[in-house]
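Input: a single structure, listed below in structure tokens.
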Amino acid sequence: MASGGENSVTFQLTPSSLLKIQKGDITRWSIDGSSDAIVNPANERMLGGGGADGAIHRAAGPELRDACYKVREVHPGVRCPTGEARITPGFRLPASHVIHTVGPVYDANPNPKASLTNAYRNSLRVAKENNIQYIAFPAISCGVFGYPYDEAATVAISTVKEFGSDLKEVHFVLFSDEIYDAWVTAANEQLN
């Protein structure tokens, strides 16, 4: 069952876990300050970029870029391959941690649904491994990576429904009305 106001809606994910979808700025989100994390829709280099990635790096301060630079490269120039996730401190962000994940470029990926599912699943896995109880996702791959909102929302909600039950709360903090509406529609279809 969903409840909430004009720019926020809450769903019962499991008996002990909530899913919250809200409009807002992910760089200002936090719940706990010690067991919370925001997800950065990064690129494989993890050194900042445009959109939400750039905003998160600006809000966290230069320490975030330094921490990302120290993440071991798995291939030349690649610290986090598409679909994988890495964690760093949050530095100047209200959230205590940043989980970096790389979503697929929709038109360039041979299986964008599998890659997007892996980005969400691996972010949740890293959260659990690091005792994160509250996590906030943006709409991964929905910016310049070109993932259609409705398809991305369906993947996001179904993956969180399947793998997010160990956390107290899973949040989606979404920037635009159009993306927010797509996520709420997908949640209503899958969780009610």
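What follows is calculated from the coordinates using simple rules that are stated; it is not laboratory data. Just so it is clear, the model here is predicted, and its values are computed rather than measured. FYI the Cβ positions are ideal-geometry reconstructions off the backbone, even for glycines, and counts take in every protein chain you see.
For the range 2-191, the share of DSSP beta bridges that are antiparallel, to the nearest 5, is 45%. Local charge for Gly83 was computed over the other residues whose Cβ lies under 15 Å away, with Lys and Arg +1 and Asp and Glu -1, and equals +3. Scattering from the range 85-192 was approximated by placing one identical point on each alpha carbon and applying the Debye formula without solvent; log10 I(q)/I(0) at 0.11, 0.19, 0.23, 0.24 1/Å stands at -0.32, -0.98, -1.37, -1.44. Considering helices alone, the calculated mean residue ellipticity of the chain at 222 nm is -11000 deg cm²/dmol, with DSSP H runs of length four and up weighted by -39500 (n - 2.57) and normalised per residue. Subtracting the Cα-Cα distance of Val78 and Leu191 from 0.36 nm times their residue separation leaves 37.1 nm of extension gain.
Semi-axes of the equivalent ellipsoid for the chain, computed as √(5λ) from the eigenvalues of its C-alpha gyration tensor and ordered from largest down, come to 24, 19, 15 Å.
Each label was represented as a point 7 Å from its Cα along the Cα-to-Cβ direction; for Asn131 and Arg45 these points are 3.6 nm apart. With a cut-off of 9 Å between beta carbons, the residues surrounding Ile135 carry a summed charge of -2, where Lys and Arg count +1 and Asp and Glu -1. Between Ala114 and Glu178, the distance separating the two model label sites (each 7 Å from Cα on the Cα→Cβ line) works out to 2.9 nm.
Let a ≥ b ≥ c be the square roots of the eigenvalues of the Cα gyration tensor of the range 12-91; is it rounded (a/c under 1.5), or, if not, prolate (a/b larger than b/c) or oblate? Prolate, because a/c is 1.5 or more and a/b exceeds b/c. The separation of the range 128-159 from the range 1-68, counted between C-alpha centres, amounts to 10 Å. Fully extending the segment from Arg28 to Arg92 would add 22.0 nm, taking 0.36 nm per residue of separation and subtracting the current Cα-Cα distance. What is the sum of charges around Thr10, taking Lys and Arg as +1, Asp and Glu as -1, for the other residues whose C-beta is under 12 Å from the C-beta of Thr10? After counting each charged neighbour, the total is 0. Using only the C-alpha atoms, the convex hull of the range 46-123 corresponds to 94 Å³ per residue. Calculated on the Cα set of the range 9-59, radius of gyration then Dmax: 13.5, 38 Å. Counting only Cβ charges, +1 for Lys and Arg and -1 for Asp and Glu, the dipole size of the range 1-145 around its Cα centre is about 120 debye.
Pairs of Cα atoms nearer than 8 Å and 6+ residues apart set the relative contact order; for the chain it is 28 percent. Subtracting the Cα-Cα distance of Glu63 and Gln12 from their residue separation scaled by 0.36 nm leaves 14.8 nm.
Relative contact order of the range 6-119: 26 percent, from C-alpha pairs under 8 Å at least 6 residues apart in sequence. If a spin label sat at a point 7 angstrom from the Cα of Val144 along the line to its beta carbon, the backbone N atoms of the range 73-115 nearer than 14 Å would be those of 103, 105-106.
Dipole of the range 74-129 computed with +1 at Lys/Arg Cβ and -1 at Asp/Glu Cβ about the Cα centre; of Pro81, Tyr106, Val126, farthest Cα towards the positive end is Val126. Most fluctuating residue of Glu63, Glu162, Glu151 in a GNM of the chain with Cα springs under 10 Å: which is it? Maximum fluctuation in the GNM of the chain, among the listed residues, is at Glu162.
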